[in-house]
1. Filter segment 255-280 down to the residues that are part of a loop (DSSP other than H, G, I, E, B) and either crowded, with 18+ Cβ neighbours inside 10 Å or among the polar types (S, T, N, Q) (or both) and list them by number.
2. If residue 332 passes every condition in (1) away from the ligand (no atom under 16 Å from the Cβ); (2) over 25 Å from residue 224 (Cβ atoms) but one, which one does it miss?
3. From 252, 238, which residue is crowded, with 24+ Cβ neighbours inside 10 Å and farther than 19 Å from residue 280 by Cβ?
4. Looking at segment 333-355, which of its residues are within 16 Å of residue 387 (Cα to Cα) and crowded, with 19+ Cβ neighbours inside 10 Å?
5. Scan segment 144-157 residue by residue and report those that are assigned to a helix (DSSP H, G or I), within 15 Å of the ligand (Cβ to nearest atom) and either touching a Gly at 6+ places or on another chain (Cβ under 7 Å) or not small (Gly, Ala, Ser) (or both).
6. For segment 128-143, how many residues meet the condition of being more than 13 Å from the ligand (Cβ to nearest atom) and either over 27 Å from residue 262 (Cα atoms) or among the small types (Gly, Ala, Ser) (or both)?
7. Taking residue 135, is it on the phi > 0 side of the Ramachandran plot and at pLDDT 95 or above?
8. Out of the residues in segment 126-152 that are more than 10 Å from residue 269 (Cβ to Cβ) and β-branched (Val, Ile, Thr), state the one that is surrounded by the most Cβ atoms within 10 Å (Cβ to Cβ).
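The values are calculated or read from the model by the stated rules, or taken from the named source; none is laboratory data. Source: prediction; values computed, not measured. Positions of Cβ are generated from backbone atoms using ideal geometry, with glycine treated the same way; all protein chains shown enter the neighbour counts.
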Amino acid sequence: MTRSAVKTPFQKVLVANRGEIAVRVIRGLRDAGIRSAVIFSEADRRGLPVLLADEAYCIGPAPSRESYLRAEAIVELAQQIGADAIHPGYGFLAENAEFADLCTQAGVEFVGPPAAAIATMGSKIESRRLISQAQVPVVPGGTEALDTLEEAADFAAEIGYPVMLKATAGGGGKGMRLVHEPDDLAGAYRAARSEAGASFGNDAVYLEKYIEQPRHVEIQILGDEHGKVVALGERECSLQRRHQKVVEESPSPVVTPELRQRMCDAAVRAAEAVGYTNAGTVEFLLDPAGEFFFLEMNTRLQVEHPVTEMVTGLDLVRAQLEISQGGHLGSEFDDIQPQGHAIEVRLYAEDPYHGFVPSPGTIRRLRWPEGPGIRTDSGVYEGAEVPIHYDPLLAKLIVWGRDREQAMERLARALSELRIEGIRTTVPLFKTLLEDEDFRQGRLDIGMLDRKMVAGELAPDQKIEFPELAIIAAALEHLKRQVRNSAAPVREGGKRDHWRRAARQETLRGNRWS
Ligand code: MV4
């Protein structure tokens, strides 16, 4: 990228985030030779970002409202320490138009799009209007708020059931209701409005046709401040639960070069329609017939940006920084084609087999996988505390292979090397997922993970690798326990389960730490 003469280069940037994304941005800054400063809450005093940044400033107590969300205090801090810009990461203040505005007013560059673009994309009906005018296919439905139940009923009858009620201020599934038939509309309409009101302080809702069994495919875009917008290909993000993505990959197993071109062109038109600059993501639903529809735009760097980095060779944080310093997107960003295949799995401090309840605590042992095609983006280290106050994403494991098969092989290897002890994580889920035939074949849709979890198809401990060893180990374990508990009677029920569990534990013990 070439620099503009208008803006002065950054010397110091304040990272207004925590965890793995703060670490990612700090790394980008160091590569670019820019000094990094990071904010932290009292709960994150010993966090990895604090260790890695050049400067670190406590911004308040643990609750986000009193720390990472203190817009004014963060901007003031940036001014005090002489930071030229603020990088918001994702979450917290990243998609807050007022915060972006506040930065600009204070003469601190906001590393992200203009406040107006954030605001426009924050309104679902406004963005649908603008974007359909730009010849981007949007999900069939309305572009007006439905003020009465009667209006909603008339419009639903017109577009045909099933329909989806959505909050105009929404996103992320809040205030959203699926309605299969006219009899269910009244209840859903009331529920959607009250949930929207409670969540967004705005209870306006509109209607869309419901798209069945779609995939979630999104396009990464970059826009510079001189009118150039480029698209960097897609990420397949269908594997999610409750609007929380779990696995992402690029390219999508079903996107052909021709479809990619059309989706990329549509994403560029969507970004241009709102005067977008910096990094952004245009989300689409891709239906089983191969038709795609604009869903919403995320006006930030996303969690899953590394899969795009792995297949394009680009550094998106670096690109963001260059764009914010007035840089031009050069020809190296033109006609990007994915090279090989990347898969990311999100390592959450959550127990996937108990409703994904958060599992905070101390990471007692930690060993990252290494070797060809492996990347870990982490916010933790051995001995670190995982606080309860924030999103439980610990790290992301990203693998690259020449094709999807090799990426899956390497993911299996990486997961077999990875050890995280002391807290529960989503790691065992990925091991079973890699053995799932639908996943292996790339047969994904947005409901797949929930269906398989409910059906118990991704349950752990489905196979014992060395049956003979396991039986001997189990017998030993059983005898030990019988001796230990000799006063207590051996329970009859669940005996087989107990044996299997003991066998499993004993087998695993054999190949633990050196
Ligand atoms: C939809 C849809 C089907 N049809 N809209 C979920 C969150 C919000 N961003 C939009 N969402 C959806 N909108 C129509 N007309 C299905 C979803 C949806 C979804 C979308 C993307 C990724 C995961 C999802 C999980 C459930 C529902």
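1. From segment 255-280, those part of a loop (DSSP other than H, G, I, E, B) are 255-256, 274-277; that's our starting set.
The answer is 255, 256, 274, 276, 277.
2. Only one criterion in (1) away from the ligand (no atom under 16 Å from the Cβ); (2) over 25 Å from residue 224 (Cβ atoms) is unmet by residue 332, namely (2).
3. Details: 252 fails: farther than 19 Å from residue 280 by Cβ.
Within the list 252, 238, the selection yields 238.
4. As a first pass, look at segment 333-355 and keep what is within 16 Å of residue 387 (Cα to Cα): 347-351.
The answer is 347, 348, 349, 350.
5. 155
6. Here is the first cut: in segment 128-143, the residues more than 13 Å from the ligand (Cβ to nearest atom) are 129-136, 143.
Then drop every residue that is not either over 27 Å from residue 262 (Cα atoms) or among the small types (Gly, Ala, Ser) (or both), which leaves 132, 134.
The total comes to 2.
7. Values: on the phi > 0 side of the Ramachandran plot: yes; at pLDDT 95 or above: yes.
Considered against the rule, which asks whether it is on the phi > 0 side of the Ramachandran plot and at pLDDT 95 or above, residue 135 comes out as yes.
8. Going residue by residue through segment 126-152, those that are more than 10 Å from residue 269 (Cβ to Cβ) are 126-130, 132, 137-152.
From the residues that got through so far, the ones that are β-branched (Val, Ile, Thr) too are 138-139, 143, 148.
Numbers: 138: 22, 139: 20, 143: 16, 148: 9.
Filtering segment 126-152 for residues that are more than 10 Å from residue 269 (Cβ to Cβ) and β-branched (Val, Ile, Thr), the one surrounded by the most Cβ atoms within 10 Å (Cβ to Cβ) comes out as 138.
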